1. Could you grab the pairs with beta carbons closer than 8 Å, sequence gap of 6+ or different chains, first residue in the stretch 1-19 and basic (K, R), second one surrounded by 15 or more Cβ atoms within 10 Å (Cβ to Cβ)?
2. So S89 fits all but one of (1) in contact with a Gly (Cβ under 8 Å, 6 or more places away or on another chain); (2) closer than 19 Å to K2 by Cβ; (3) among the polar types (S, T, N, Q); what number is the exception?
3. In the stretch 1-46, what residues are in contact with a strand residue (DSSP E or B) (Cβ under 6 Å, 6 or more places away or on another chain) and either modelled with pLDDT under 95 or of a type in the set (S, T, Y) (or both)?
4. With the structure loaded, tell me whether D206 is open to solvent by 50 Å² or more (accessible area, probe 1.4 Å), in a loop (DSSP other than H, G, I, E, B) and on the phi < 0 side of the Ramachandran plot or whether it fails that test.
5. Every residue in the stretch 36-48 that is buried (at least 17 other Cβ atoms within 10 Å of the Cβ) and farther than 15 Å from K81 by Cα, please.
Amino acid sequence: MKLFIDDANIDAIKELIEYYPIDGVTTNPSILAKAKKDPRETLLAIRKAIGDDMIIFAQAVDLSYEGMIQDAHMIMELLGKNTVVKIPSTPTGFKAIKALKKEGITTCGTVVYTPMQAYLAAKAGASYVAPYVNRIDNMGYDGVAIVKQIQDILETNNMDCEVLAASFKNSQQVLELCEYGVANATCAADVIKAFVKNPAIDAAVDDFVSDFQSLTGKTSMCALD
């Protein structure tokens, strides 16, 4: 499973990339709004922070077909290679995905709440579909189960499209989808940090250092010389 940061906080992105095996960054208009800057400035800062080899996802905001195409072109011009344009999985979005596919622009069908949305976005030519796990849960359904169903549909129909699971509230949701073989997950910075936030882990690491120090008086192998 590839792991993406679902955030536009540059400091958080830099920290996670330094310490964790991150594959890229995803954004949406709401995430960009939290930065309280020109969204183009924020996206460029993210691109600079992650480099040209990592993937960045940015969303077309205009809801008209023509506007989606224009937004997609602007995003690609702004961010360059390894950029994926997120398009809402709506009838107008499917039309835009088909057109952008013909242009060679990689898209992600986003705002996915149902398996049929994902199926149609994939069939239209999206390379990714992004179901919202926690938001589906909040509607009274099982978000993890819906994502698994989408994964099965894509595999059964041999569709050239991957799931980009999004909107997580805890690491258990990510773990279940990782175990199931979902190709991509995007999580907020605090969710990623929670993957290994465990007092038992910290205590075990401290015990190892303490035992070594009791034996040698040192806290490093190199300090033994």
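The values are calculated or read from the model by the stated rules, or taken from the named source; none is laboratory data. All of these numbers come straight from a predicted model, not from anything done at the bench. When we count neighbours, we look across all protein chains shown, and the Cβ atoms used for this are built from the backbone with ideal geometry, even at glycine. The area values use the complete protein model at the heavy-atom level, side chains included, leaving out ligands, DNA and RNA. Shrake-Rupley method; radii C 1.70, N 1.55, O 1.52, S 1.80 Å.
1. The qualifying pairs are K2/D23; K2/G24; K2/A183; K2/N184; K2/A185; K14/A49.
2. Tallying (1) in contact with a Gly (Cβ under 8 Å, 6 or more places away or on another chain); (2) closer than 19 Å to K2 by Cβ; (3) among the polar types (S, T, N, Q), S89 fails exactly one: (2).
3. Passing the criteria: T26, T27.
4. Details: open to solvent by 50 Å² or more (accessible area, probe 1.4 Å): yes; in a loop (DSSP other than H, G, I, E, B): no; on the phi < 0 side of the Ramachandran plot: yes.
Spelling it out, it is not the case that D206 is open to solvent by 50 Å² or more (accessible area, probe 1.4 Å), in a loop (DSSP other than H, G, I, E, B) and on the phi < 0 side of the Ramachandran plot.
5. P39, T42
Okay, residues lined up against (1) surrounded by fewer than 23 Cβ atoms within 10 Å (Cβ to Cβ); (2) not polar (S, T, N, Q):
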residue: A99; (1), (2): yes, yes
residue: I105; (1), (2): yes, yes
residue: T110; (1), (2): no, no
residue: T114; (1), (2): yes, no
residue: L120; (1), (2): yes, yes
residue: A124; (1), (2): yes, yes
residue: S127; (1), (2): yes, no
